[in-house]
1. Quick check: anything in segment 62-83 closer than 17 Å to Ile8 by Cβ, charged (D, E, K, R) and assigned to a loop (DSSP other than H, G, I, E, B)?
2. Based on this model, can you work out whether Glu27 counts as at pLDDT below 95 and either touching a Pro at 6+ places or on another chain (Cβ under 8 Å) or open to solvent by 70 Å² or more (accessible area, probe 1.4 Å) (or both)?
3. Just to verify a result, which residue in segment 174-186, among those that are modelled with pLDDT under 95 and not β-branched (Val, Ile, Thr), is least open to solvent (accessible area, probe 1.4 Å)?
4. Given the structure, is Arg57 more than 16 Å from the chain's Cα centre (by Cα), surrounded by 15 or more Cβ atoms within 10 Å (Cβ to Cβ) and basic (Lys, Arg)?
5. For Ser206, are the conditions met, namely being touching a strand residue (DSSP E or B) at 6+ places or on another chain (Cβ under 7 Å), farther than 19 Å from Ile94 by Cα and part of a loop (DSSP other than H, G, I, E, B)?
6. Restricting attention to segment 101-121, which residues are part of a strand (DSSP E or B) and more than 25 Å from Val167 (Cα to Cα)?
7. From (1) free of Cβ contacts under 8 Å to residues at least 24 places away in the same chain; (2) over 24 Å from Val195 (Cβ atoms); (3) in contact with a Pro (Cβ under 8 Å, 6 or more places away or on another chain), pick out the condition that doesn't hold for Glu125.
Amino acid sequence: MSERDVIIACDFPGKAETLAFLEKFPEGEKPYVKIGMELFYGAGPDIVRELKDKGHRIFLDLKLHDIPNTVKSAMKVLSSLGADMCNVHCAGTIPMMEAALEGLTRPDGTRPLLIAVTQLTSTSEELMKRDLLIDKPIDEVVMSYAMNAKKAGLDGVVCSPWEAGKVHSVCGNEFLTVTPGIRFPDGDKGDQSRVADPAKAKELGSDFIVVGRPITKAEDPVAAYRRCMREFAL
């Protein structure tokens with residue numbers, strides 16, 4: 001298993017809001033950050049380079065899902081930005097994930113970590129069955145998707161904290177589990193369905209937790225981040 005860490009979801013509409021948020025942290029404190037679709041589309045690829053230059057590790061959360069050749073070509077572009085972790089959707093199939101890995105790998109053999117989304121933490125088993133027409137239990141679907149990601153050569157998956165330990169049991173402890181859906185016990189779970197608090201995520205076996213609103217919307221974001229680190233990573 002990797003060393004546990006907290007990734008802050010910087011779900012802001014642009015560069016100015018992101019930098020203003022990160023400037024709240026002392027100079028020597030450089031949290032791991034997630035750049036998702038909202039920020040990437042709002043600020044452009046240079047935001048990845050800029051935050052990397054400032055000393056942050058970057059999870060570039062764009063969830064690619066397309067035909068294998070398109071994903072491979074897109075990953076070649078993303079590989080040059082300097083992110084530490086990228087992702088795709090498991091539902092794109094093993095050939096698409098293999099193509100993503102090939103595209104992400106640089107000529108010198110280096111590459112960011114590549115993980116795959118199993119089922120979004122906003123998706124309940126009821127929604128999966130009703131809207132996606134997947135009749136298997138959600139745990140079974142997540143484990144199958146995780147095994148496909150491992151077969152494709154990926155480094156891990158995005159899953160609910162409640163599925164992290166089961167993923168490790170079928171894919172090994174070195175196979176990463178990156179888990180959003182994190183809320184403090186005294187907080188609002190918002191639009192998430194399968195949630196856990198930082199301490200529970202640690203107990204369940206998550207390697208990384210992705211935390212957005214409980215930190216970014218907190219009255220004291222730095223204190224909220226440190227609470228996450230204390231309860232999960234230390």
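The values are calculated or read from the model by the stated rules, or taken from the named source; none is laboratory data. These figures come from a predicted structure and were not determined experimentally. Note that each Cβ is placed from the backbone with ideal geometry, even for glycine, and that neighbours are counted across all protein chains shown. Heavy atoms of the whole protein, side chains included, go into the accessibility calculation; ligands, DNA and RNA do not. Shrake-Rupley method; radii C 1.70, N 1.55, O 1.52, S 1.80 Å.
1. no
2. Here the answer is yes, as Glu27 does meet what is asked.
3. This residue is Gly181.
4. Against the criterion (more than 16 Å from the chain's Cα centre (by Cα), surrounded by 15 or more Cβ atoms within 10 Å (Cβ to Cβ) and basic (Lys, Arg)), Arg57 does not qualify.
5. yes
6. Selection gives nothing.
7. (2)
Table: residues versus (1) surrounded by fewer than 22 Cβ atoms within 10 Å (Cβ to Cβ); (2) modelled with pLDDT under 95; (3) in contact with a Pro (Cβ under 9 Å, 6 or more places away or on another chain); (4) not in a loop (DSSP other than H, G, I, E, B).
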site: Asp131; (1), (2), (3), (4): yes, no, no, yes
site: Ser144; (1), (2), (3), (4): yes, no, no, yes
site: His168; (1), (2), (3), (4): yes, no, no, yes
site: Asp191; (1), (2), (3), (4): yes, yes, no, no
site: Ala199; (1), (2), (3), (4): yes, no, yes, yes
site: Arg227; (1), (2), (3), (4): yes, no, yes, yes
